[in-house]
Amino acid sequence: MIKKLLLIGYCCFSALIGLAQQEIPLYTGAIPNVKASEVNEIKRADQSVSNVVRPTLTLFLPAKEKATGTAVIVCPGGGYETLVMKREGFDIAEAFAKIGVTAFVLKYRLPSEKTMIDPSIGPLQDAQQALRTIRQRSTEWGVDPNRIGIMGFSAGGHLAATAGTHFQKPVIDNPESINLRPDFMILIYPVISLSHEIGSEKTRKNLLGMSPSPELIRLYSNELHIDKTTPPTFLTHAGDDSKVPVKNSLVFYEALQQNGVPANLHIYSKGEHGFGKTPAFDEWFGRIHQWMKDMH
């Protein structure tokens, strides 16, 4: 009898885990902007991935009694050449689910001339498709379609900021004219600019190629594309960041202010790139939680 109860309990627990971490293909039909290739995804022991060619969403659903209706798309970083799926994806999504926020970890395609017709738009296509999909299926997942935000770390922050500043120019088919604007943005030590002055050279090269035109650099320098319709934004960065200068967050915040867009900015004196030892997770994530509660 005890064994039977344990088995039932295990099955129920397994079902809950499966529900909480369901991975689905981002596109139900053909993936856009694809070039036929022999490239295969590489997954490492730390769950980071590279050579992503088939984008997915991994769902983390909160307990029904805790669900707030708010959702966040989480974009891991990795310089547009890899994705830090655990530390900047799954771990964050679990933390959101615990506070009642439905989280979707986006495994987006990494720009490559081998796999894409136009590498520069590939990641943005996936971010826009994620917004489209979640709004289409919002009832199924218990999500308020007017409370869907996007979060990104480092180059994932660049992608999130691009989604929040380029939504009026769809790069996917959107026959139903579904709203592609995130309702808010959360940008963690983000690459914002691709300029030679403050941008990340690695991110610029991986997204735009070795010799991008000044027009292309300007197009993806997101501080230059803020207006009054840009979503409310939470930014955090470390002053001692040696990979992505803190000025990325500062110029974005300043442009938000100039356009009357609500924004919070938290700068830590130490934290380097990745917030490895400081600030503590509860410190910076707690500020995000409070900001989200204050917004609503």
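Please treat every number below as a calculation from the coordinates, not as lab data. Computed from a prediction, not measured in an experiment: that's the story for all the values here. Don't worry about glycine lacking a Cβ; one is built from the backbone with ideal geometry, like all the others, and counts go over all protein chains shown.
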Kirkwood-type radius of the stretch 48-131, with distances r between different C-alpha atoms, in Å
13.2
Taking the Cβ of each residue in MET295, MET185 as the centre, tally the other Cβ atoms inside 10 Å and list the residues starting with the fewest.
MET295, MET185
Helix 155-165: angle to the longest alpha-carbon principal axis of the chain, degrees 0 to 90, nearest 10?
80
Report, ordered by chain and residue number, the lysines lying within cross-link reach of LYS228, taken as a straight Cα distance under 29 Å and ignoring same-chain residues fewer than 8 apart.
LYS169, LYS247, LYS293
When you count, for each residue, the other Cβ atoms within 10 Å and take the mean per peptide, how do 190-200, 148-158, 61-71 rank with the highest first?
148-158, 190-200, 61-71
If one takes the longest principal axis of the Cα atoms in the chain, at what angle in degrees, from 0 to 90 and to the nearest 10, does the Cα axis of helix 2-20 lie?
20
Theoretical gain in end-to-end length, ARG218 to GLU283 [0.36 nm per residue, Cα-Cα removed]
20.0 nm
P(r) tail for the chain, what percent of Cα pairs lie past 25 Å?
45
Could the peptides 244-250, 164-170 be put in order, highest first, of the mean number of other beta-carbon atoms found within 10 Å of their residues?
244-250, 164-170
Which percent, nearest 5, of DSSP beta bridges in the chain are antiparallel?
35
With charges set only on the Cβ (+1 for Lys and Arg, -1 for Asp and Glu), what does the dipole of the chain come to about its Cα centre, in debye to the nearest 20?
640
What do you get for the angle between helix 281-295 and the principal long axis of the chain? Use alpha-carbon atoms, 0 to 90 degrees, nearest ten.
90
Largest fluctuation, ARG109, ARG147, ARG181 only, Gaussian network model of the chain with Cα springs under 10 angstrom, belongs to ARG147
Got the relative contact order for the chain handy, in percent, Cα pairs under 8 Å and 6 or more residues apart?
14
